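The values are calculated or read from the model by the stated rules, or taken from the named source; none is laboratory data. This is a predicted model, so every value here is computed, not measured. Here the Cβ is made from the backbone with ideal geometry for all residues, glycine too, and neighbour counts use every protein chain on show.
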Amino acid sequence: MMSFKNVLSEKRIPVATPDSIIDSSGKAVFGTFDKEFKNLNLKEIVKQSPYLPDKANWFRLTQWEAVEVNFKDHLLLMGVNDMGIINTGLICFYDKKKKKNISWRETLFKSRKQIKINKNLLGGSTCQALGDNVKIKMVNNFERGAAVITGEGFHKKEGFIKYELELQRVSLPCVVSIPFGENKPLYTQKDLFRCKGYIEFNGERIESDEFATAIIDDHKGYYPHNSHYDWLKQWAETP
């Protein structure tokens, strides 16, 4: 039997996760890890930018938690995003048979306490959007491989959506801290879940079945000032 260690870089083999992603000297920890970080203290980093002081870390740090849900005939995506000043709550609903996508999106304001970003993925840590027309709540208990996702969206033209979902992890954790530059980390954790619950769209209740799945993507990082990502172009040019 082939061992992954024979074909993967050693940096891709998970190692024990330290308690904090930023150490006591303000330096980021990079690598692939075997479980969740207890302390995602990315704002404590030092000298991540040659242009801005450390007290501006809150402005530079991008954070989000997103959930993608796959039902037999429908897809559901919801995400809470914090980009320092610009914050959003987003719900997307796709009907596979009709090939129609509907979205609910709202700008959120920290001053009105409309947004909360999870401190980690453990012990009921919550990520939520509390907008006027978009409400999302993600309660994370990854120490037992579980999460509960609830929310609703209202759009004057497209109507009303509501969902309540219970997730149970069926994969090993996928946790990485990737260097975008010297002491400039991008952390993400992605996990695959079995999904139980329902989606209600304009009065139609859609129940999960035994094949319903979900992915959670938790993400925090310092992007370069000049950055670009085009996965489709990269894929097309790959020999």
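Could you figure out which of (1) touching a residue at least 60 places away in the same chain (Cβ under 8 Å); (2) crowded, with 21+ Cβ neighbours inside 10 Å; (3) out of contact with any helix residue (DSSP H, G or I) (no Cβ under 7 Å at 6 or more places or on another chain) isn't true of Leu108?
Status for Leu108: all satisfied but (1).
Within segment 111-127, restricting attention to residues that are closer than 19 Å to Ile86 by Cβ and under 12 Å from the mean Cα position of the chain (by Cα), which residue is surrounded by the most Cβ atoms within 10 Å (Cβ to Cβ)?
Filtering first and then ranking leaves Cys127.
Quick test for you: out of Gly159, Gly131, pick the one residue that is more than 20 Å from Phe37 (Cα to Cα) and either surrounded by fewer than 16 Cβ atoms within 10 Å (Cβ to Cβ) or in contact with a His (Cβ under 6 Å, 6 or more places away or on another chain) (or both).
Exactly one of Gly159, Gly131 is more than 20 Å from Phe37 (Cα to Cα) and either surrounded by fewer than 16 Cβ atoms within 10 Å (Cβ to Cβ) or in contact with a His (Cβ under 6 Å, 6 or more places away or on another chain) (or both), namely Gly159.
When residues of segment 33-59 are filtered for being over 28 Å from Gly124 (Cβ atoms) and either aliphatic (A, V, I, L, M) or within 18 Å of the chain's Cα centre (by Cα) (or both), how many remain?
Adding up the residues that qualify gives 3.
Taking the options Lys55, Lys43, Lys35, name whichever one is in contact with a Ser or Thr (Cβ under 6 Å, 6 or more places away or on another chain) and either closer than 30 Å to Asp209 by Cβ or not in a strand (DSSP E or B) (or both).
The match here is Lys35.
Out of segment 142-151, which residues are free of Cβ contacts under 8 Å to residues at least 24 places away in the same chain and surrounded by 16 or more Cβ atoms within 10 Å (Cβ to Cβ)?
Across segment 142-151, the qualifying residues are Val148, Thr150.
Inspect segment 69-86 for any residue being modelled with pLDDT of 95 or more, among the β-branched types (Val, Ile, Thr), in contact with a strand residue (DSSP E or B) (Cβ under 9 Å, 6 or more places away or on another chain) and closer than 22 Å to Gly123 by Cβ and give the result as yes or no.
Among the residues of segment 69-86, at least one is modelled with pLDDT of 95 or more, among the β-branched types (Val, Ile, Thr), in contact with a strand residue (DSSP E or B) (Cβ under 9 Å, 6 or more places away or on another chain) and closer than 22 Å to Gly123 by Cβ, which makes the answer yes.
Which one of the conditions (1) of a type outside the set (Lys, Arg); (2) in contact (Cβ under 8 Å) with a residue 40 or more places away in the chain; (3) assigned to a strand (DSSP E or B) does Tyr94 fail to meet, given that it meets all the rest?
Looking at each condition in turn, Tyr94 falls short on (2).
Quick check on segment 1-32: of everything there that is modelled with pLDDT of 90 or more and not in a loop (DSSP other than H, G, I, E, B), which residue is farthest from Met83 (Cα to Cα)?
Of everything passing the filter in segment 1-32, Val15 is farthest from Met83 (Cα to Cα).
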